[in-house]
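Worksheet: one structure, shown below.
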Amino acid sequence: MPVIYNIILITLAIIFSPVIIIALIIQPKFRAGFFQKMGMYQSLSNGKSTVVFHAVSVGEINAVKAVIKQYRILHPDENIVITTTTRTGQMLAKTVFADIAERVTYFPFDFCFSVISFLNAFNPEKIIIAETEIWPGFMLISKRRGVKVYTINGRISPHSYNGYKKIKLFLAPILNCYEKIFMQSPSDAQRIKDLGAKSDKVEVMGNLKFD
């Protein structure tokens, strides 16, 4: 499945390359972190164990910043790497976690070479993803390398659930690559279990924005 998935992904990238190139030229937000997302990361090799926290943008960072600060208190000897997808998220993360994180960078594109480069650079033991980010290539490669990946503050809207149901057979093995999936509400937990996540991997944690 990883090989087929990457062939499809690379083929689509080639087909839509003219549109992608134009978007990169005219939209600065699309250029932000492009080379890092493609896999050009500076290695973090100081002998310490590493945890990665991923928050897509500003909203997710605000939701998990208390968790990350508490994690630093409880684990003072670990590297903390923060990743975002958007430029605004990156700017906020560099401000909020300036004295906490060893590195703030961008999350890789889901190409196998980008993901492998990311994992080689940071060699994380754990990856904690805010809300419901499902990247098949990233999950399959992380699982194969023994990296434990968690979702926190997860949620699935009824609209998203209806879309995910169409690819349930493909999604189920991806969801079971996670070590644990912590959802905001019982209904969110039920939806992700209906999509194929095993019950023993799913727990309800509440909403980090309010607790």
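The values are calculated or read from the model by the stated rules, or taken from the named source; none is laboratory data. All figures in this text were calculated on a predicted structure; none of them were measured in a lab. Note: ideal-geometry Cβ built from the backbone for every residue, glycine included; neighbour counts use all protein chains shown. Accessible surface areas use protein heavy atoms only, side chains included; no ligands, DNA or RNA. Shrake-Rupley method; radii C 1.70, N 1.55, O 1.52, S 1.80 Å.
Before moving on, here are some points about what is shown:
- Accessible carbon and sulfur surface of region 1-124 relative to its total accessible area, %, 1.4 Å: 67 percent
- Sorted largest first, the principal axis extents computed over the alpha-carbon atoms of region 101-164 equal 37, 25, 21 Å.
- Taking only the Cα atoms of the chain, the radius of gyration and Dmax are 17.0, 48 Å.
- Within the chain, the longest run free of chymotrypsin sites (Phe, Trp or Tyr not before Pro) that sit in a DSSP loop with at most 16 other Cβ atoms within 10 Å is 17-209.
- Computed extension gain for Q70 through L169, at 0.36 nm per residue and net of the alpha carbon distance, reaches 31.9 nm.
- Stokes-Einstein diffusion coefficient of region 57-177, Kirkwood radius over Cα pairs, 20 °C, 1.002 mPa s, in µm²/s: 139 µm²/s
- Sites E133 and I25, calculated FRET efficiency, Cβ-Cβ separation with R0 22 Å, nearest 0.05: 0.20
- In this structure region 5-101 gives 56 Å² per residue of accessible area when probed at 1.4 Å with all protein chains present.
- For region 169-211, a crude dipole built from +1 on the beta carbon of Lys and Arg and -1 on the beta carbon of Asp and Glu, taken about the Cα centre, is about 80 debye to the nearest 20.
- Dipole in debye (nearest 20) - the chain, about Cα centre, beta carbon charges: Lys, Arg +1; Asp, Glu -1: 280 debye
- M40 contributes an accessible area of around 130 Å² to the protein surface, as traced by a 1.4 Å probe with all chains present.
- When the P(r) is computed for region 6-98, the part past 19 Å accounts for 54% of the Cα-Cα pairs.
- Note on surface exposure: H159, H75, H54 rank H159, H75, H54 by accessible area, highest first, 1.4 Å probe.
- Karplus 3J(HN,Hα) series, Hz, for region 164-176 with 6.51 cos²θ - 1.76 cosθ + 1.60 (x for Gly, Pro): 5, 4, 5, 10, 4, 4, 6, 6, 3, x, 5, 4, 7
- Compared with the direct C-alpha span, the chain from K126 to V204 gains 26.1 nm at full extension, assuming 0.36 nm per residue.
- Radius 13 Å from Cβ of N162, net charge of other residues (Lys, Arg +1; Asp, Glu -1): +3
- Nearest-0.05 FRET efficiency for R87 and F16, computed from C-beta distance (R0 25 Å): 0.75
- Between S187 and D99, the C-beta separation translates, for a Förster distance of 35 Å, into a calculated FRET efficiency of about 0.40.
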